[in-house]
1. Among (1) of a type in the set (V, I, T); (2) under 30 Å from A:L205 (Cα atoms); (3) surrounded by 16 or more Cβ atoms within 10 Å (Cβ to Cβ), there is one condition A:I557 misses while meeting the rest; what is its number?
2. Looking at segment A:263-284 only, could you name the residues that are surrounded by fewer than 23 Cβ atoms within 10 Å (Cβ to Cβ) and of a type in the set (D, E)?
3. I need the full set of residues from segment B:246-270 which are farther than 13 Å from B:N342 by Cβ and in contact with a helix residue (DSSP H, G or I) (Cβ under 7 Å, 6 or more places away or on another chain), in order please.
4. Does B:R206 satisfy the criteria of being under 19 Å from the mean Cα position of the chain (by Cα), among the basic types (K, R) and part of a helix (DSSP H, G or I)?
5. Look at segment A:315-362 and say how many of its residues are away from every other protein chain (no Cβ under 14 Å), within 19 Å of the chain's Cα centre (by Cα), of a type in the set (S, T, Y) and more than 13 Å from A:Y281 (Cβ to Cβ).
6. Considering only segment A:212-220, I want to know if a residue exists there that is among the β-branched types (V, I, T) and surrounded by fewer than 24 Cβ atoms within 10 Å (Cβ to Cβ).
7. Which condition breaks for A:D260 when tested against (1) surrounded by 22 or more Cβ atoms within 10 Å (Cβ to Cβ); (2) part of a strand (DSSP E or B)?
8. Could you grab the pairs with beta carbons closer than 6 Å, sequence gap of 6+ or different chains, first residue in segment A:394-413 and in contact (Cβ under 8 Å) with a residue 24 or more places away in the chain and within 11 Å of A:S430 (Cα to Cα), second one in a helix (DSSP H, G or I) and not charged (D, E, K, R)?
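The values are calculated or read from the model by the stated rules, or taken from the named source; none is laboratory data. This structure is a prediction, so every number in the text was calculated from the model and none was measured. Reconstructed Cβ throughout: ideal geometry from the backbone, glycine too, with neighbour counts over all protein chains shown.
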Amino acid sequence: MSRRQMLMRTGQASIGVAVLGALGLAHQTGWPMALFHSRRSAAPGAFRLREISHRAGVAVTHQKVLLDHKLDNIMPWVCSVGAAVAAADYNNDGFVDIFVSSSGRNMPCHLFRNNGDGTFTDVAHAAGVADLNREGGVMDAVWGDFDNDGWPDLYVVKWSAPNRLFRNNRDGTFTDITEASGTGDPGNGNAAIWFDYNEDGLLDLYIGNYFPPVDLWHLKTTRIMQDDFERARNGGRNVLYRNNGNGTFTNVAPQLGVDDPGWTLDVGACDLFNTGHMDLYLANDFGQDMIFKNNGDGTFTNITSHAIPIDTRKGMNVDFADLDGDGYPEIYVSNITKPGYLVEGNYLWHNNGDGTFADHAPMLGVDDGGWSWGAKFVDLDNDGELEIVVLNGFVSAGPHSYWFELGTMATTPGIVVEDARNWPPMDNDSLSGYERSRLFVRRGSRYVDIAEEAGLADLYDGRGLCIADYDNDGLPELFVANQGQPFLLYKNDPVQCNHWLGLRLIGTDQSNRDAIGARVTVIAGGRRWVKWVDPGSGFASQSDRRLIFGLGSLTKIEQIEIRWPDGRVEYAPSLEVDRYHTLMEGRVTA
Amino acid sequence: MRLVSHEHLTGVTGEMPVSPGQHRRRWRHIVLVITLILVVIAATAGGAYLLLRPRVQPLALPAVPSNLSAADLGLAGWQMYQRPLPPDPLANPTLPATPQVNPALAALEDAAGQALIRQGALDRGMAYLRAAVLAAPDNLRFANDYRLALRAHGRYSDEEAFFTWQVQTLKTPDAHLNLALAYVDAMLSCPPPPDGLVCQAQLSYRSISELNTVLAVQPDNIIARYARGLNHLYWPVLMGHLPKAQIDLEYAVALTRPLRALGIGSAFIPQAYAALGDVFAKDGQVQAGRNVWLNGERVAPNAPILQSRLAIPTDQLVNEETGPLRGLGIPVNTDISIFWSNGR
């Protein structure tokens, strides 16, 4: 063997040994997979959210309720809801306006009129919807054109005082017609939606009540809390106000069997079974969520036990979206996740299309939302894939956590938890406080949370989340109502601006004018998207009812199908992208 | 032949030919070098093995009283429990047509009850099992058989009712022990995790309360120690039960020495070490957990429960409630026959 050959063979052997060593090292450390995953992780900066509440003129701070002093030991707990937000173009100027609650005694609510230049003006006092906290406390609000006059009316949900219905006077002001309409349920509600359950073309009202019907400011007993942490059924009964068509409403919940006594924190409605009728989903705290199937004849059937498994979680929010384009909506439900104490996980109920649902949240990586509240599906960058935004955080206070005391009480048999006096004092404790919201973005077969890098970085106790395109650029913004903390507006400014199609639907004939419940199917580039006009689902919030379809790079739409609430199906002509279109029932087809 | 070959080789390489003496010396050198290399490799491998082999640190276990008796361990009747049940009980002419509370018939009725259940005569079988327990209320085996039969058929409320009644009427440590185990069985009736955590925790709380009563009068009761330790082990970590689990399970491991000394049974021994190691693993103390399992392997070589744990990669031994070791949703087997049975 020549020296040269020897050197060559030695070199080859060295290379071989080095390669083998590297492969072994790679196997041990897994660095090639890490490299692979890093390439697939969320692209930093793809989503950009900038908080602009001061610049936009919506920088207000929510004020909490302060209830009867008999509840002082757990006051931070019981006064931890009420921050709500709802969107509608109440003055029909083409720009979405925002109602923002406050809940403290005599604290004004806000109606932010959109000035059309990126700023808002609080006109609540002039409009007559500011002074809502003289008695009770505001918890939620939802817009809906109950009289089909083309002007959004406002329903406000309160604790321990009659809810309020404000008719839009079409001149920027509102008239309180609560008494005349018979919609002043005095319960302790936290949720309301407008939807036409009996398909008579008139919007009806469904209200989710939380506490039993007691005056929380003047308690005769402290036995007002849930009687179980997992199976509580002693909450306030829910209400369904049927719209009689003459300006009055009648509560038909008991006779229809939808007066659920769970501790309802949110209600939502959507066509869950692709029947053309709107079904109810109740997100109940301390126990079983409920699904009521709309039979299409003005009645409901409780199909909960058939549709979903036993649920002992703390439901707080419900939102709907069709993630796979099959025409059957999936459901996202907020629950509680606190590692080391209570890892419930949020639900993402995949609609099996056969009347049943399966929780895909863990598989998709969208289960850990912290102590979750308002949560919405939204396509922030119009790429055609829906993101999920989750607000969270319960009580952000001192450094000591209440979790241990809460856990000890909840797991100790024999403690009557219904009696607030038996709860350990919260003092200045935090309870899942200072949590960062989640922005779940789809990457391959799973979602990743990119909230912080996207700019959704506040640590406030988020409650109501409203998605609304206030500047009509086709990019939806996030309006965030924080509990006892500043209201935030996150301007959406993604790196990649994709094409989109915006639709505002107007129902006629036997459809409600807001077209709530209408289903729109868009086909473009061989792909299919399905969306519904939403009744106000989502904890303490109602989003912009206009539909935005993100199209990615597509500029041509192959088909637009609209199934109106009254069942009529129309096909729109190929509409121009990157702008909003108003479609009126009966006049859509070219 | 070698020369021809060599010539052939040299023809290929083009080097100068060498003499036979030089050739032999060269081969000697080669053999010597190879031998040296092999020796170095063997020495290195041996050294590496000595350095890297699992080191088993002895456990710092609590002292237990010397000369503990089987009764002290809560296993006074262990020899009776080990006896085989009467064969072919349903063909036994002494089996009464209806269950009778008769100590002399208890073993036969216990066997008959199990046989009837296997045949599908559930209620009748349960009645015989119940009669056996009533006839010999201090017999842990009969109580265990009855409870496991109820558990197997989801009759958790029957379990709780019967053993609650026993506690009220007998007030013995064994009655409290059986009720404690019934509460653990009832956890199977809770919604599966992550739902039903409060349901499970409240039952665990009740179980621990019963075991506290047992251990107050029989501090060396090995079943109660182990059961209480396991109860604590399953709680969410931040609820602070792991240190309590460690205390009880270390004591239970310590009690395996008198258990072995008395020759009572060996099936429990690897279970004790597995559980104690799980305490550390659940707490994120991976090496400490592995050390416990390795100690267990020394006492109970080739025990599957220990081998399966030692086979888990250390990076998967994390302090998650959802983990494979004692995570939420991992059912607990309350079959206490492991305390008097042999095997693994």
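1. (2)
2. Hit for segment A:263-284 is A:D271, nothing else.
3. Result: B:Q246, B:D248, B:L249, B:E250, B:Y251, B:A252, B:V253, B:L255, B:T256.
4. No.
5. 1
6. Initially, segment A:212-220 is screened for residues among the β-branched types (V, I, T), giving A:214.
The next check asks that each one be surrounded by fewer than 24 Cβ atoms within 10 Å (Cβ to Cβ); those that pass are A:214.
Checked against the condition, which is being among the β-branched types (V, I, T) and surrounded by fewer than 24 Cβ atoms within 10 Å (Cβ to Cβ), segment A:212-220 yields at least one hit.
7. (2)
8. Close Cβ pairs satisfying both conditions: A:V395/A:P76.
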